[in-house]
Protein chains: 4
Amino acid sequence: MRYVEFDESREFDLLLLGRVAIDFNPAYNDQVKEEFKPLKDVHTFEKFVGGSPANVSVGVTRHGMKAGFIGKVSADQFGDYVIEYFDNLGIDTSNISRAQNGEKLGLTFTEMLSEKESSILMYRNQAADLALSPEDINEDYIKSAKAILISGTALAESPSREAAIKAVMLAKRNNTKVIFDIDYRAYNWKNDDEISIYYSMIAKESDVIMGSREEFDLTEKLIQPGMNDEESAALWHSHNAKIVVIKHGMKGSTAYTDDGQQFSIKPFPVNARKGFGGGDGYGSGFLYGLYQGWDIIDCLEFGSAEASMMVRSNNCSDDLPVTEEVHEFIKMEKEQYGEMIARI
Amino acid sequence: MRYVEFDESREFDLLLLGRVAIDFNPAYNDQVKEEFKPLKDVHTFEKFVGGSPANVSVGVTRHGMKAGFIGKVSADQFGDYVIEYFDNLGIDTSNISRAQNGEKLGLTFTEMLSEKESSILMYRNQAADLALSPEDINEDYIKSAKAILISGTALAESPSREAAIKAVMLAKRNNTKVIFDIDYRAYNWKNDDEISIYYSMIAKESDVIMGSREEFDLTEKLIQPGMNDEESAALWHSHNAKIVVIKHGMKGSTAYTDDGQQFSIKPFPVNARKGFGGGDGYGSGFLYGLYQGWDIIDCLEFGSAEASMMVRSNNCSDDLPVTEEVHEFIKMEKEQYGEMIARI
Amino acid sequence: MRYVEFDESREFDLLLLGRVAIDFNPAYNDQVKEEFKPLKDVHTFEKFVGGSPANVSVGVTRHGMKAGFIGKVSADQFGDYVIEYFDNLGIDTSNISRAQNGEKLGLTFTEMLSEKESSILMYRNQAADLALSPEDINEDYIKSAKAILISGTALAESPSREAAIKAVMLAKRNNTKVIFDIDYRAYNWKNDDEISIYYSMIAKESDVIMGSREEFDLTEKLIQPGMNDEESAALWHSHNAKIVVIKHGMKGSTAYTDDGQQFSIKPFPVNARKGFGGGDGYGSGFLYGLYQGWDIIDCLEFGSAEASMMVRSNNCSDDLPVTEEVHEFIKMEKEQYGEMIARI
Amino acid sequence: MRYVEFDESREFDLLLLGRVAIDFNPAYNDQVKEEFKPLKDVHTFEKFVGGSPANVSVGVTRHGMKAGFIGKVSADQFGDYVIEYFDNLGIDTSNISRAQNGEKLGLTFTEMLSEKESSILMYRNQAADLALSPEDINEDYIKSAKAILISGTALAESPSREAAIKAVMLAKRNNTKVIFDIDYRAYNWKNDDEISIYYSMIAKESDVIMGSREEFDLTEKLIQPGMNDEESAALWHSHNAKIVVIKHGMKGSTAYTDDGQQFSIKPFPVNARKGFGGGDGYGSGFLYGLYQGWDIIDCLEFGSAEASMMVRSNNCSDDLPVTEEVHEFIKMEKEQYGEMIARI
């Protein structure tokens, strides 16, 4: 059964709205290996495109989907870098604009202390992505896509906040499906009420919502705090959601569909290089399956596999796999650990 | 028939959220008469409490309703003045807080050029009312009231914007009715998209919506521009609205109820001192009738009468009438002009 | 002896740089008398041009001097009012520009509690005068004047701060004398170090410095705190000052000249309406005498008389006297109290 | 002859006030060589402490001088890195404070296009160094040093601007010598008038001034534009300067002493890795010689040698040489090119 009916006549499969940033990760390659250590002691860094929706745009493109990005980048060499990177992959950049008031691309310096401990140092003062504004939102562009994905970070500050809400309002009146990736980041938010206000506003309009238990708690604070997963799913189904995906980290995640079913998956076992980056692989894989019309449990398995592949990597974008690599990974994992290794 | 069912067990009839300001009007009284002239040539001014929701709080209190105000005023003598003025009238001020960062009460200097031409010069840089913030919103207070009135101006800037939205969300989960007085003022808004985003967000949750045709156009821009009054009313009835009042200035106004009826009224004939101030009289009178359970047409007539009384006055608050005065005014107008003078 | 040699060939006697504002004073005239009372209880206000350098520009013009004003006013009716008021008096307004970003004229609401107790409520958020910027400063204009008067308030914030400093630097290289009226107002300053830095920077370059003991203390904090009047005067004489006037309120004031002399004066006895406004009368009168080449003691007496005349008035600008009125006042006071009434 | 008499009883040789930042340079070492290329194409970066006064603090410390740093760094791992780096070198960090409002260390990404073409991409939105404020300036600390070096970049914005000026005022009243390294960087400055105002203010109080011809032009704009080197030197000698060093890039530089002498030097020939970084080596070497009481021409030669050594390097701090290395470099260059290779 197809829970979300995309308009197959549309040019773009998916537009992604939100932040694109640059990740500076401790170098870890054939030439240089910065082993686990405090950030202050790292001398050599590798530069990658980053930012959750940017990563997902790379991920779905690797699976052959036609994606476009709606965002704002700096008017400098780093802005050039991002646009060139997207162009080379085939991600449409026609709706990426340049910041006009000295705003800079967000930077993320990752600190990798061990397989499980990592942290990040963010540069997000006057970040270019948060300068996206309502006049940057083009209705024709939104109308040309099957769906738009909103990254919750875009809601953290004006005018990006209003740009994202406008995009959702235009999507609603043009039958462009809305996918909400809550993607909570503490920076730039001022208080919890604000988070609940804006997350819930988008969640009410969304066809697909993806987030962790903590992210759903933040979203629901002013509506009904303290709900469990089933209650959360029921709430959002009572609005517009067809599929609600709630994640519990290493314990796995569950998709709740609006016909009352639920489907669960857990991570594939791998040796992690870092404690983050899995989520974007998960989103890329899950959405690919959804667009293919797969059964939900297969979408989840594919997403989970892609997530596990990404936590092994030193980056969150460059190493996103093509479709065959994910199938191959699943096959090998199942051969090693058994057919049901990720299914709950 | 009662379109809005208030919980009669609640302590407060109405909480009003938004701006309270000070009006400096050209003096016009027994001692000094500043006749119609450019503002720069006015030498003597009279000081009054002003700001739409503040005026309505005075108006409904004059009719014996129990009102409370949710707002922020300056930490100076003008803030003292407002609170003392409210206290003396019996308006609850327990939820009026003081601005902590030098924000000042908004000031409105009115220019009266003729009976029909007037303008205003606003001081609203770092206005205290727009510093109202989510932490100033108290759920118990909202739960203690039959309804909350949101003035649209409160949505113009953060953090007042989020304070107002939070108040509405808390009202919804506590069965406190929501009355939305669109009350558009150009100052402080950055662009039209913003206006449509936030007005429509509140309108969707409201039981009663009151505004001019222009204000409904602003509200609906990102949903469906170009609707006529019937279409607008239908849209908001499809959400939560029971009564939608759309005003056309001197041509009169119409209330659309969610049972498909409509009721129209026009102004009573008077000699105007100024072209503004009527709206707050209208709101005060209409809401009083609504709380009394009157037929909608009687609510409208009472509101229209109070509006006409106020455009004759030199201020927008002090001269708001008590109930008997409005009845008396209606009686005299009808004796002079005929029973159906205001009814369409 | 002439302590300051003005270039008599210059078109303007004096350019004044700094704030012009609007004073709203409790009405006190034939029609309405707001007696001493808290500001919150005052109902009727009179509007006057205000702001120390604006008042002094009016004062010296009343004495027949040719003055020009360098400042920024709001792009609204109040800005029109100020420019029209100056134009009518003959004060040159060619170098008054309009604020472009919504800055508003500062407002001063005066509270008159008794003859000796008064306070003010200031509106100075995004004040137009502090938006004066270096590009507003015109070297040819400065070169066309015998002297420029800098009001210390102009130094409180950028870009007005840099505009004032630029004006002084251009004055120095064009032999335009510099008169520094310290005119300390707490608003807008961030800390005491800032005050000392910028006051002392201008004081070092000034030919004439006028201020209270407290103002000199603020100026000298980072150079040598705790000096007495003689030490202060010696310090500034060691830089460029020819005349240093230090005021002690009701106890009188003293002018220190760079030839080591000192001259003292005290106020003339009057019944005061308010505790402020005297300083600008003092400055106007003193500067008039100085330009006339009078003995310093006569300049002081004339200034002191004008100060006493102004504290009796309900405003700080409109009632500034013409020359004959001051002479007349001095004559009458001396007849009543004796020839030496103000001299120490 | 000693042009500047330091108080030899002081604990610190030199305090340096201004920015410390982080340089991310394209990796160029045994493991990874990022050859000349556009910044967007660089994948691997090396991290170094940077910022002109920070580099000079490293440079003079390498020569055995006792230095302390007055600045503000971020409250994050990069702030830790800087403090730890200074601590390890023996630079006093007791007067480095942490930014409290999310300000971040400035970042400099260097683009190396060829030996002569390079550019930088700066992250300086809400830079921590510009948050240094007057209350961070400690008179006892300044009194404990022979001299303080002010980097002109510290003057670009408040409150760092006022912190630097306060430091100079406290230096003056405590006989701590003032060294002004103009160090012009376009970022953060708003207009040319501002630059002239604040540079000239510090230059007037300085014992030693170092800058390029362009930097002196910026400094002198509001005093006397269009001067040549001799006129500039004479101007500053007429204030407090004992030594004025004016640089002309590859053409060499000249020191003007207040006894009317002048001494010139030119660069030593080397193969450059980058077009910047020489200035800080020059400053470090020149100041070391000055403290040793060397003849001015020898100070210049030593500084010029250290400059040439640094343009060969991939960084501006780590590779600053110890004294012996500079002597050795000079010896080798002279053997190869002749005794007078750098002297003009």
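Details
- For the range D:114-187, taking Cα atoms only, Rg and Dmax work out to 14.6, 48 Å respectively.
- Within 10 Å of each Cβ in A:112-120, the average number of Cβ atoms from other chains: 0
- Taken along its three principal axes, the alpha carbon spread of the range B:27-82 comes to 39, 30, 19 Å, from the longest extent down to the shortest.
- For C:K146, the residues whose amide H sits under 5 Å from its own are C:F12, C:D13, C:L14, ignoring neighbours fewer than 5 places away on the same chain, with H placed 1.01 Å from N.
- Size-normalised alpha-carbon gyration radius of the range D:1-116, reference 2.2 N^0.38 Å: 1.26
- Rh (Kirkwood; distinct C-alpha pairs) - the range D:211-344, Å: 15.3 Å
- Pairwise Cα distances in the range A:65-180 exceed 18 Å in 56 percent of cases.
- Its alpha carbons give the range A:100-259 an Rg and a Dmax of 16.4, 49 Å.
- In summary, the range D:234-311 shows an alpha-carbon radius of gyration equal to 1.10 times the 2.2 N^0.38 Å reference for compact globular proteins.
- Sequence-distant residues sharing a close amide H with B:I120 (under 5 Å, placed H): B:E111
- Extension reserve of the A:I344-A:L89 stretch, reckoned as 0.36 nm per residue once the Cα distance is removed: 88.3 nm
- Shielding score for B:170-178, defined as the mean number of other chain Cβ atoms within 10 Å: 1
- Structure-based [θ]222 nm, chain B - -39500 (n - 2.57) summed over DSSP H runs of at least 4, per residue, nearest 500: -11000 deg cm²/dmol
- Hydrodynamic radius by Kirkwood, which averages 1/r over all alpha carbon pairs of the range D:160-237, in angstrom: 12.9 Å
- Based on the Stokes-Einstein relation at 25 °C and a viscosity of 0.890 mPa s, and on the Kirkwood radius from alpha carbon pairs, the range B:55-97 is assigned a translational diffusion coefficient of 236 µm²/s.
- Antiparallel beta bridges, as assigned by DSSP with both residues in chain A, represent about 45 percent of the total such bridges.
- Per-residue mean of C-beta atoms belonging to partner chains within 10 Å, peptide A:25-31: 3
- Amide H contacts under 5 Å for B:I70, placed H, 5+ residues apart: B:L16, B:L17, B:G18
- Around the Cα centre of the protein assembly as shown, unit charges on the Cβ atoms of Lys, Arg, Asp and Glu (plus for the first two, minus for the last two) sum to a dipole of about 0 debye.
- Relative contact order (percent, whole number), the range A:151-191, Cα cutoff 8 Å, 6+ residue spacing: 54 percent
- Angstrom value of the Kirkwood radius, inverse mean 1/r, which spans all Cα pairs in the range A:1-42: 15.3 Å
- Centroid-to-centroid, using Cα positions, the range B:292-344 and the range C:61-108 are 45 Å apart.
- Overall dimensions of chain A by Cα: Rg and Dmax, Å: 18.9, 55
- Expressed per residue, the C-alpha convex hull volume of the range C:215-273 stands at 96 Å³.
- Of C:G303, C:G68, C:G249, the one that fluctuates the most in a GNM where chain C has Cα springs shorter than 10 Å: C:G249
- Computed on the range B:184-307, with alpha-carbon pairs under 8 angstrom and 6+ residues apart, the relative contact order is 18 percent.
- Working from Cα pairs under 8 Å separated by at least six residues, relative contact order for chain B is 17 percent.
- Dipole in debye (nearest 20) - the range C:205-311, about Cα centre, beta carbon charges: Lys, Arg +1; Asp, Glu -1: 520 debye
- Evaluated at q = 0.05, 0.08, 0.09 Å⁻¹, the base-10 log of the normalised Debye intensity for the protein assembly as shown, with identical point scatterers placed on the Cα atoms, takes the values -0.48, -1.13, -1.28.
Values in this text are rule-based calculations from the coordinates and carry no lab data. Small disclaimer: the values here were computed from a predicted structure and weren't measured. Note that each Cβ is placed from the backbone with ideal geometry, even for glycine, and that neighbours are counted across all protein chains shown.
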